Structure formats: structure tokens, C-alpha cells
There are 2 protein chains.
Amino acid sequence: MNAEPLKVAVLGCGVVGTEVVRRLSEKRDLLADRIGAPIELAGVAVRDLRRSRGLAIDPQLWTDDPLALVKRDDVDIVVELLSGTEPAHSLITTAMEHGASVVSANKALLATHGPALHETAALHDVDLTYEASVAAAIPLLRPLRDSLGGDRITRVVGVVNGTTNYILDRMTQTGGAFGAALREAVERGYAEADPTADVAGTDAAFKAVILASLAFHTWMPPEHVYREGITGVTATDVADARACDRVVKLVAVLERIPSRHGREGILARVHPAMVPRTHPLADVRGADNGVIVETPDTGPLLFRGAGAGGAPTSSAVVGDLVTAARRRVLGHQETTAPATAPERTQGIGDLRTRYHLRIGVNDSLSGLDGVTSVLRFHDVGVDSARRSRTAGRDALVVITDAVREPDLRTAVDVLAGLPSVDTPPRFMRLLDPADAR
Amino acid sequence: MNAEPLKVAVLGCGVVGTEVVRRLSEKRDLLADRIGAPIELAGVAVRDLRRSRGLAIDPQLWTDDPLALVKRDDVDIVVELLSGTEPAHSLITTAMEHGASVVSANKALLATHGPALHETAALHDVDLTYEASVAAAIPLLRPLRDSLGGDRITRVVGVVNGTTNYILDRMTQTGGAFGAALREAVERGYAEADPTADVAGTDAAFKAVILASLAFHTWMPPEHVYREGITGVTATDVADARACDRVVKLVAVLERIPSRHGREGILARVHPAMVPRTHPLADVRGADNGVIVETPDTGPLLFRGAGAGGAPTSSAVVGDLVTAARRRVLGHQETTAPATAPERTQGIGDLRTRYHLRIGVNDSLSGLDGVTSVLRFHDVGVDSARRSRTAGRDALVVITDAVREPDLRTAVDVLAGLPSVDTPPRFMRLLDPADAR
């Protein structure tokens with residue numbers, strides 16, 4: 001192989017960065033074969049030069065000046081593995097302005113600045129790919145963009161956050177509370193020391209924005225994603241789910257639905273939901289991810305696998321790197337920018353789905369009458385109802401028919417004021433294969 | 001949009017061709033948006049011009065002269081939906097020689113002539129893609145080639161033939177025989193009038209060759225794939241599988257294993273296997289397909305969805321068409337030819353796995369002793385053994401430890417000669433997550 005080596009700069013050397021740098025050297029021959037030219041490390045930018053990372057690379061390659069690194073004109077590809085939007089945004093913009101293609105795993109960055117970054121990439125004729133930003137090793141973004149490029153995707157539903165899935169899985173297995181499961185996740189390395197972005201659903205919401213851009217060809221601001229985390233999920237919720245043959249999962253759902261007023265738009269939502277045990281997403285265990293993509297022609301397509309972790313994420317990063325490098329060797333860039341157009345985004349008030357309701361009552365017999373009449377009055381159909389007695393407290397558990405969320409919320413507010421109701425009703429959305437159709 | 005239209009010729013207008021042609025017109029605007037130029041039908045070649053296909057296209061576009069169509073210099077992309085290797089091979093070779101990119105769904109053709117076709121594509125700087133040839137709508141080939149381009153794939157295991165999966169699923173549900181399930185499959189349109197290629201495993205073997213080329217970067221001749229169809233699967237096999245919490249599936253397994261003599265190579269095999277009910281492939285129902293790809297970095301990745309049918313297959317064809325068309329608009333071709341190198345292929349005699357054995361005996365008590373001593377003598381470890389009495393006949397059912405196939409076969413031959421054994425022993429391979437490791 002006589003081709004010139006391709007120079008790769010890596011920004012950030014945490015868990016994923018360490019794995020990527022290790023693979024570039026361990027898989028040197030395999031990568032050169034697949035690319036048609038060898039890969040050469042141009043530099044690794046880190047915040048703290050003194051920290052040891054156990055990597056056997058030329059000490060000269062370490063730098064704490066990422067800006068100088070991305071300004072180098074001999075760098076072909078920049079791998080950006082920072083967290084948060086700055087300085088990542090300005091660094092990769094500068095990198096692209098200097099002619100480098102960019103591989104990123106940074107979902108916050110892409111969700112926030114995706115359109116501008118794609119414009120910069122197109123302007124400078126470079127590649128911008130980020131397969132690792134959603135569902136780690138599971139090939140998902142490229143299939144959405146290319147393989148399903150001729151399809152009209154109607155719905156994407158997934159478990160896209162490994163940390164929360166691990167926590168909910170533990171709660172399901174042990175019957176324990178959120179706090180205990182979270183502590184276990186932190187101890188075992190499945191949650192970061194500050195797990196806020198995961199448990200609050202922010203991470204999943206960023207991923208929802210990226211998925212929406214590829215599935216529905218539109219960029220929505222992250223704040224348009226309806227978001228509820230898992231911090232409020234209780235052991236009772238988990239037990240209630242079990243009682244109706246379901247499990248609680250943090251789901252991301254993207255779908256084109258009509259608004260209350262009949263206008264089409266995209267609803268993106270992230271929240272805990274009760275998922276039937278027979279649903280393919282119920283089988284997504286531990287820190288895994290799973291995503292179902294639906295189109296009229298294909299029916300549901302399931303993608304499932306490791307959704308987090310250094311090795312799986314590095315697989316996706318290196319996959320993008322190989323593709324970008326191949327194009328460099330061939331002398332042309334990829335069509336990175338998915339054609340997008342502004343789309344109306346819907347609010348959670350436009351959702352029509354089924355709900356699980358738990359209503360604490362001081363007298364379950366007379367309570368049932370009052371509750372069902374309130375529900376009926378607010379057009380909330382009852383699919384099933386049962387009495388429950390947990391820890392000495394009576395409750396009514398109701399599963400509704402598909403109803404509009406505002407109707408459900410109004411009914412819940414009214415129920416909270418009934419004399420027979422002694423605890424504010426809790427509700428959780430159900431995820432059904434035929435939801436919201 | 002001022003771009004010149006891209007001209008597409010379609011060869012073959014059966015179930016899939018009809019769906020593709022319909023989508024080109026129904027999705028005209030969507031495809032133009034995604035490609036950056038409109039698609040224009042240049043012609044549809046069929047064998048019988050008199051047959052009505054219910055397609056509202058300009059009657060001038062029908063032709064029974066495919067060769068004249070592919071020789072036209074104004075055709076940008078040829079979609080080949082014929083069956084069998086000829087005349088498909090010469091037609092798409094001619095098409096590429098005349099500068100057209102090719103999208104094919106023809107697994108027999110690709111499995112048999114893949115390397116030569118890729119050479120022609122590279123020589124004439126055109127695209128050659130065939131996502132629809134394996135697992136229909138499930139994006140699989142492109143992820144293997146691109147997303148996992150930096151990974152060392154160790155194993156691919158899948159259910160890749162919808163017809164046989166439907167038949168085995170029916171046998172599992174009804175407890176009935178192969179013949180009845182096959183008739184039902186034909187009546188319901190899940191099997192062709194001549195289902196030989198499906199039930200004999202030939203179709204799955206072609207797909208295995210294509211998967212091997214992308215997963216292991218080597219082309220093997222189809223006859224190197226060990227192949228056993230499902231015509232010999234009996235209701236007793238299905239019942240035996242159920243008794244050990246398994247289901248019978250026709251699986252395709254590709255893996256890099258050492259030979260008996262310690263040399264590395266690729267074993268590709270297609271055969272019925274007993275799959276644990278908890279295995280992700282056990283959930284692949286009806287005519288669906290499912291494929292698991294394993295790499296050290298990612299762990300198992302599951303792809304599941306519709307594996308056959310006009311609409312799902314047309315989704316994959318149109319996806320390839322969009323990608324090829326985008327590249328035409330950008331003025332460059334894809335790196336279609338995966339870098340490949342000859343690899344040693346292993347025979348079934350190199351397999352080491354676990355087996356289910358059913359041994360008809362005329363006296364199950366003394367039979368057990370004789371059987372286990374023969375197994376022990378031939379190094380076949382016994383994981384479990386039970387007696388079975390079906391339709392008045394005694395049998396011993398043994399599940400072995402992992403053993404080499406030649407040892408198992410020798411033991412089976414010896415068992416057949418024991419005086420206590422009155423029916424030749426049947427064996428079926430087990431599929432376990434940790435098989436052959």
C-alpha cells in the first residue's frame with residue numbers, strides 16, 4: 001500500500017477516546033486494508049496533560065491546545081469526543097473550515113447545533129457523521145439516512161438511554177426504589193457520578209432530536225421534545241406495571257400525528273411508559289438500547305444491542321472514521337446533510353394514547369363509583385379497573401382507552417378533588433404497538 | 001429543482017418489480033427531494049408484454065428487449081429484479097459497461113458472480129448495491145459494510161429465509177407435519193409454487209455467501225456453504241425441541257473457527273437447529289427475518305423485521321436506488337467493492353457444537369446403558385438424557401456437550417448397529433449463544 005497516510009486528530013480522551021485511540025493502533029492493519037491507506041494519529045487533545053491514560057502513543061502527540069490541533073492543515077479527520085456544546089461547537093467548526101472531516105459522538109452538540117454544523121460541512125465540502133451519538137454500536141443513523149432513504153417513516157420508538165434502562169431494569173428485578181437502583185448503577189459504572197442528564201431524560205431528548213432529523217427530515221430544537229425523566233418512578237409504578245403484564249421503560253417516541261386541531265406535525269416525547277412484556281422493547285435489558293422504526297412498506301424494523309460503554313461507542317466512532325477516510329482516499333465527500341425542511345412540532349397535549357391511573361381512595365367501594373363517573377364525564381373510557389391494597393392503603397387502578405392527554409389531565413385534576421380520593425392520582429402512559437394510530 | 005432527471009430502467013416486473021415501479025411514481029416528489037433530482041422511468045423489461053400488471057405507466061415504456069434497454073447510454077441506473085443467474089449476469093454486466101449503476105435484489109446472481117460483478121463496477125466507475133438480496137427491508141448489508149467497517153466481526157447468525165421460517169413456525173404452532181405446513185404456506189402466498197430453493201436451503205445459502213463477503217471480507221463459492229434444508233424436519237423434531245424449551249429454526253451461521261487441524265477459516269452453514277426459546281432468533285416469527293452480528297467491541301447486535309414480500313423488498317431496492325442516484329447527482333460513485341481476500345473455508349467436519357439425539361430403542365432400560373457407553377467411547381459428552389415414548393415406540397433423547405461433528409457422526413453410526421437400537425438415530429444441532437466458542 002503506497003497511499004499517503006490519513007491524519008486523525010482526537011479531541012477528548014475519556015472512556016470512549018481512550019478506546020478509540022487504542023483501536024487506531026491495535027487495528028492499524030485492518031483499518032489500512034479497509035480504507036486503502038494507513039491511519040496516522042496527528043494528536044490527542046486533553047484537558048489535563050498529567051493524567052495517565054495507559055496508552056502507548058508517542059508522548060509528543062498529547063496536547064492541551066485543541067484549537068491549535070484543529071487548525072493544522074494536515075489533519076484529515078477530527079474525532080470529537082467532548083461533552084457539552086462548547087468548546088466542541090467552535091472547535092469542530094474551525095476543523096471543518098480548515099478542511100477536516102468530523103466524526104462526533106456528541107449528542108448535545110448535534111441536537112443543539114445540527115443544522116449550522118451541516119451547513120459548515122457542506123460549505124467546506126467535508127464529511128460530518130455521528131453514528132455513535134445515538135445507540136452507540138447499533139447501526140441506526142446510517143440505515144435511517146441511506147437504507148430507508150426512499151421510505152416515509154411514520155414512527156420511531158426506542159429505549160435510547162442505557163443508564164435509565166439499567167436503573168428501571170434493577171427496580172423491576174428487585175422491586176426496590178429508584179434511589180437504591182441509582183446508587184447501584186453509579187457503583188457499577190452504569191451511571192455517571194452526576195447522572196442528571198440521564199435520569200432527567202435530557203440525554204434521551206437530544207437523541208430524539210437527532211433521530212427526528214433523520215427519520216422526519218426536520219430539525220427541531222431540543223426544547224420541543226416533551227421530556228419527563230425517571231426520578232419520579234416509584235416501586236409502586238413498577239409493581240403496577242407487573243400487575244398488568246408490563247414493564248416500565250424510559251421511551252423516546254417520535255411520530256407524525258395530527259394536532260388537536262387536525263394539523264399534521266411531529267410529536268417527540270421522552271417519558272417513562274408501561275410497555276407490554278411481549279413488546280420487543282421489553283426485551284431490551286440492562287444497559288442495552290433498542291429502537292423500532294416503522295414505515296408503511298417495511299412494517300416494524302428492530303435494531304437492538306449495546307447502547308453505551310467505551311468499546312461499543314468506539315466501534316461506531318471507528319466505523320464513521322473508516323467511511324470518512326475511504327472517501328478521502330477516493331477524493332470525494334459524502335452527502336452528509338440530510339435534506340430537511342421545517343415541520344410543525346406538536347405538544348404533549350396533542351397526544352392520544354392509553355394511560356395507567358392509580359387513585360388513592362379512602363373507601364374503595366364508593367370510590368369506584370365516583371371515579372368512573374368523573375372519567376366518563378371527561379370522555380376518558382375505561383378499559384379495565386381493579387382495586388388494590390398496598391401497605392394498608394386502598395387504591396383504584398384504572399387502564400384507560402386511548403384518550404387525548406388534556407382530557408386525561410383534566411379528569412385527574414377533578415379526581416384529586418373528590419372527597420373519596422385521599423392521594424393525588426398518578427398516571428403513566430402505556431406503550432402499545434398500535435398507540436396513537 | 002432544476003437538476004436533470006435521472007433515468008431508471010427496471011428489469012423484471014414480478015411482485016417486487018411492480019411495487020418498485022409503483023413507488024417510483026407514487027413517491028415522485030419525496031424521492032426527488034431526497035435525491036436532489038427527479039427520477040424518470042426509462043423502461044421496464046418483461047418477458048410477456050401481454051400480461052397486465054395494473055401499473056399506470058406510459059405503455060411505450062414496456063419492452064421485451066432488456067438488452068436494448070441496458071445498452072441505452074441515457075440510462076443512469078438499472079434495477080435488476082430477475083431470478084437466477086442468466087440472463088441477469090450478462091444484462092447487468094452490459095449495463096455497467098454502458099455506464100449505468102446497478103441495484104439488484106438477485107441473491108443467486110450475487111452469490112455466484114459477486115467478485116466479477118464488483119470488478120466490472122470498479123472498472124466502469126459505477127455503483128453496484130443489493131441490500132434487498134438479504135433480509136429484504138432490514139438494513140443489513142450497508143451497516144455491515146459501513147457502520148461496522150472498523151470492526152472484526154466474529155459471527156453472524158440469522159434466520160434469513162421467510163418461507164421456511166413460516167413453515168417451521170406453523171409446525172411449531174400446530175404440531176403438524178412438514179407437508180401440511182408447506183401446503184398452507186403455498187396457499188397463503190408465503191411459498192412459491194416450486195418452493196425447492198427455499199425448503200432445500202439454497203436461498204439461505206446464497207444469502208450466507210453475500211453475508212460472508214461483507215462480514216468476513218471474502219467471497220466463497222456457494223457450494224462451500226454446508227447446506228441442509230427443512231424437508232426432513234418432522235413433527236417429532238418439533239416436539240423434541242419443545243420438550244427442551246427450544247424451537248426449530250432454519251439458521252444460517254457464519255463464523256471464523258479453527259479447523260480440526262488448528263487452521264483458522266470461515267465456516268458457513270445453513271441447517272435446521274434447535275434454538276432456545278429465550279434466544280432472540282426464537283422471537284423471529286412467521287415470514288420475518290432476524291440476524292445477529294457479533295463483534296468483540298459491540299457484543300451481539302440484532303436486526304429484525306420483514307424478510308420478504310413485495311413492499312418490504314421494494315423498500316430496500318428504492319433505498320439503494322436513492323443512494324446510487326444521490327451519488328450520480330454529486331458526480332461520484334460509491335466505494336462499492338468491499339476489499340476482499342481469499343480465506344480458507346471450513347467444512348461441517350470442523351464444527352464443534354452441541355447436538356440433540358433421538359435414538360429409537362426396543363428396550364429403553366438396557367438401551368440407555370449401551371447408548372451412553374458408545375457415546376462415552378467416542379468422546380461424546382452427555383449433558384442430559386431422558387426416555388421418551390411416542391406412538392408406542394421407545395426412544396432415548398440425549399443432549400450432548402459440545403463435540404466435533406465427525407465424532408458425533410461416528411457415534412451415531414455405531415449406535416445404529418447396536419442390537420437395542422431399532423431406528424437409526426436422528427440428530428439435530430443446537431444453537432446456543434456460546435456455540436462453537
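Summary of values
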read-out: Exposure rank, largest accessible area first [A:Leu82, B:Leu110; 1.4 Å]; value: A:Leu82, B:Leu110
read-out: Viscosity 1.002 mPa s, 20 °C: Kirkwood-radius Stokes-Einstein D of the protein assembly as shown over Cα pairs, µm²/s; value: 73 µm²/s
read-out: P(r) weight above 28 Å for the range A:141-304, C-alpha pairs, percent; value: 22 percent
read-out: Accessible area (Å², per residue) of the protein assembly as shown, counting only protein heavy atoms and a probe of 1.4 Å; value: 38 Å²
read-out: Of all DSSP beta bridges in the protein assembly as shown, antiparallel share, percent nearest 5; value: 70 percent
read-out: √(5λ) per eigenvalue of the Cα gyration tensor, chain A, largest first, Å; value: 46, 23, 17
read-out: Total accessible area lost when A and B pair, probe 1.4 Å, Å² to nearest 100; value: 4000 Å²
read-out: Accessible-area order (highest first, 1.4 angstrom probe) of the listed residues A:Leu182, B:Leu109; value: A:Leu182, B:Leu109
read-out: Convex hull of Cα atoms in the range A:1-70, direction-averaged projection (nm²); value: 4.8 nm²
read-out: Where Rh is the Kirkwood radius over Cα pairs, Rg/Rh for the range A:351-431; value: 0.93
read-out: Per-pair calculated FRET efficiency, R0 = 60 Å: A:Ala3 and B:Asp383 via Cβ, rounded to 0.05; value: 0.70
read-out: Of all accessible heavy-atom area on the range A:268-395, the percent that carbon and sulfur account for (1.4 Å); value: 50 percent
read-out: Mean Cα-pair separation over length for the range A:141-304, i.e. relative contact order, pairs under 8 Å, 6 or more apart, %; value: 33 percent
read-out: Average partner coverage of B:24-33, which counts Cβ from other chains inside 10 Å; value: 2
read-out: C-alpha center-to-center spacing [the range B:390-437, the range A:213-273] in angstrom; value: 51 Å
read-out: At R0 = 41 Å, FRET efficiency that the Cβ-Cβ distance of A:Thr196 and B:Arg152 yields, to 0.05; value: 0.65
read-out: Chain B: antiparallel DSSP beta bridges as a percent of all, rounded to 5; value: 70 percent
read-out: Peptide B:286-299 - average C-beta neighbours from other chains (10 Å radius); value: 4
read-out: Unsatisfied cross-links (Cα-Cα over 23 Å) in the set A:Lys71/A:Lys207; A:Lys7/A:Lys27; B:Lys107/B:Lys249; A:Lys7/A:Lys207; value: A:Lys71/A:Lys207; A:Lys7/A:Lys207
read-out: Net dipole in debye of the range A:371-415 [+1 Lys, Arg Cβ; -1 Asp, Glu Cβ; about Cα centre; nearest 20]; value: 280 debye
read-out: Modelled label reach - A:Glu119, point 7 Å along Cα→Cβ, the range A:64-108 residues with backbone N closer than 18 Å; value: A:89-98
read-out: Projected area, mean over directions - the range A:235-341, Cα convex hull, nm²; value: 10.8 nm²
read-out: Expected 222 nm ellipticity per residue - DSSP helices of 4 or more, -39500 (n - 2.57), all of chain A, to 500; value: -10500 deg cm²/dmol
read-out: Two-site FRET efficiency, B:Glu86 against A:Thr423, from Cβ-Cβ distance with R₀ of 60 Å, rounded to 0.05; value: 0.20
read-out: Pairwise Cα inverse-distance average, inverted: Kirkwood Rh of the range A:133-228 (Å); value: 14.8 Å
read-out: Exercise: per-residue mean of other protein chain Cβ atoms within 10 Å, B:167-180; value: 0
read-out: Relative contact order (%) - criterion: Cα under 8 Å, at least six apart; region: chain B; value: 16 percent
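The values are calculated or read from the model by the stated rules, or taken from the named source; none is laboratory data. Please read all numbers here as calculations on a predicted model, not as lab measurements. Virtual Cβ from ideal backbone geometry, glycine too; neighbours counted across all protein chains shown. Only protein heavy atoms, including side chains, enter the accessible area calculation; ligands, DNA and RNA are left aside. Shrake-Rupley method; radii C 1.70, N 1.55, O 1.52, S 1.80 Å.
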